[in-house]
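Here, each number is a calculation from the coordinates, and none is a lab measurement. Being a predicted model, the structure only gives us computed values, none of them experimental. Counting neighbours? That spans all protein chains shown, and the Cβs are built from the backbone with ideal geometry, glycine included.
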Amino acid sequence: MTRLERRARGGWLLAIGVLLPALLGVERPPGLSDVVEVRTWSYEDYTRVVLELDEDRSLAAPSLVRLPADSTADRPERLYLDVPDVWVGRRFESGIDVEDGLLEGVRLGQNTLSTTRLVLDLARYEHHRVFTLPAPARIVVDVYGDRGVRRDPSGRLPAELRRVHTVVVDPGHGGRDPGALGVGGLREKDVNLGIARALATQLRARGFDVVLTREDDRALSLEERSAIAESAGGDVFVSIHANASRRQGARGIEVYTLDANHERHSLDVAARENGVPAARLDALQRALARIQADQVGSHSARLASLVHEQVIHGARSRDASLPDLGVKKGPFYVLFMSSMSAVLVETGFVTNRHDAKLLGSERYQALLAERIAMGVDRYRAQIETGLAAGGLR
C-alpha cells in the first residue's frame, strides 16, 4: 500500500479538512466537465502537474492555497486549488504517487457536488506558478525546489543576470501532428526537425550546451516542450516552425517574441501553432503574455533582432527576392510557458513553391541553422559585455 493509499484509508484524501460523508454515494450532477487525465513531469528542481478536462472551455485563473505541514495528522506541507463545475467522483481516490523529491504525490477528489479539489503534497518547495490553457481546458501547476539562489517569480535568475550557457531548441510539431502541409507534400514537422538538428550542431560547435525538445519524429504537448526547457535550466529558447497561408504567393521569414499587444496576423499564426481558434486567444493570451513579457521581454526582443538580422542576411544570399517579414510579437503558448529569453522563428512558407523548394533542401536548412546560431552567439556576446560592464558574475 502506498503512502497516499494509507492516507486515503485514513479518510482525508479528498479534502484539506473533512468532506461531507453524503458526497460519497451521490450521483454525478448534470452539466459538469469531467477530468480526463492528470499528468506529471519530474526533474531535479522542477515538477509540472497538468489537470486536463474533457472539453474546450474557459477556466478562471486558479489560485493555489499553501498549507503548512501537520505532523499530528501525518500531513505534509501542501498546495491545493478548487476547480468549479468539474466532476471527478472517486476515480482518483487512491491518489497519484510522484515521490520525486519535490512532490510526494497528487490527490484529486470531489470537494463539493460541483467542485473538484486538486491537492499537491510537498516534499520540498520554494515557490510555484499556475496558469490555464484552452483546447482542451487544462490547469498547469509548476512547483520549484530550492536551489539556494535568488530567483525571479518565474523560478529563474533574471535574464540580465544570466550568462548564456544552455540553449533549448524546439522543433515544432512532430509525430501525429505534421504541422502545416505544403507544396509537394512537404511537412512542416520534417522541416522543423531538420533545421533544429543542424542548429544543435552549430551551437555545440560554438561552445553552447544544447537540449532538443525532440530529436526524432514524435509528438510532444506544449506543456512537455516547455517542461523540458525549464528542467534543462535553459538560458535561451528557440522554437523552429514553418509558416503556411491560403495565399500561395505568401512567402518570407519572420521572427516572433512574446507580447501582450499583437497584430491580427500574429494571432492567426499563433492560433495555428497553438492548435486553437484565433478567436479564443485574445483575452486569455493578452493576460498571460503580459506576465511573461514583463519578465524577459526586452531580452527576448534583443535576441529576436540579432537572430532575424543574421537569418535574413543568410537566406538572401541564396534567394535575393526573399521577403523580410520582420520581427513581430505574438501570443505563443510555447514562449510564455518558458521563463527564459525566447524566440519563435518562422523559416518560410511551405505553401509557397519558392519557399518550399528552399525549405526542402538540406543545404538551405543547414544555412538557416548556421545563421540562427550566429544570432544566438551575438546575443551571448552582448550579455557577456553587459555583465562585464555591470561588474556582475
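Can you put M340, M374 in order, fewest other beta carbons within 10 Å first?
Arranged by neighbour count, lowest to highest, M340, M374 become M374, M340.
Applying 1/(1 + (r/R0)^6) with R0 = 51 Å to the Cβ-Cβ distance of D209 and A61, what FRET efficiency is obtained, to the nearest 0.05?
0.90
Defining a contact as two alpha carbons under 8 Å apart and six or more residues distant in sequence, what relative contact order in percent does the range 157-232 show?
Value for the range 157-232: 38 percent.
Given labels modelled 7 Å from the Cα in the Cβ direction, how far is it in nm from D34 to S317?
5.7
Counting other beta carbons within 10 Å of each residue's own, what order do V106, V343 fall into, fewest first?
V106, V343
Using the alpha-carbon centroid of each, what span in Å lies between the range 220-241 and the range 301-318?
What the calculation gives is 22 Å, centre to centre.
Taking a cut-off of 20 Å between Cα atoms, list the lysines near K189, but don't count ones fewer than 8 places away on the same chain.
Within the straight-line cut-off, K189 pairs with K357.
Kindly put H308, H241, H313 in sequence by how many other C-beta atoms sit within 10 Å of each C-beta, fewest to most.
H313, H308, H241
Once phi is turned into ³J(HN,Hα) by the Karplus curve 6.51 cos²θ - 1.76 cosθ + 1.60 with θ = phi - 60°, what whole-Hz value does each residue of the range 352-358 show in order, with x for glycine and proline?
Along the range 352-358, the couplings run 9, 5, 6, 5, 4, 4, 5 Hz.
Of the GluC sites (Glu not before Pro) in the range 55-153, which ones lie in a loop per DSSP and count no more than 13 other C-beta atoms within 10 Å?
Counting only loop positions with at most 13 other Cβ atoms within 10 Å, the GluC sites (Glu not before Pro) in the range 55-153 are E55.
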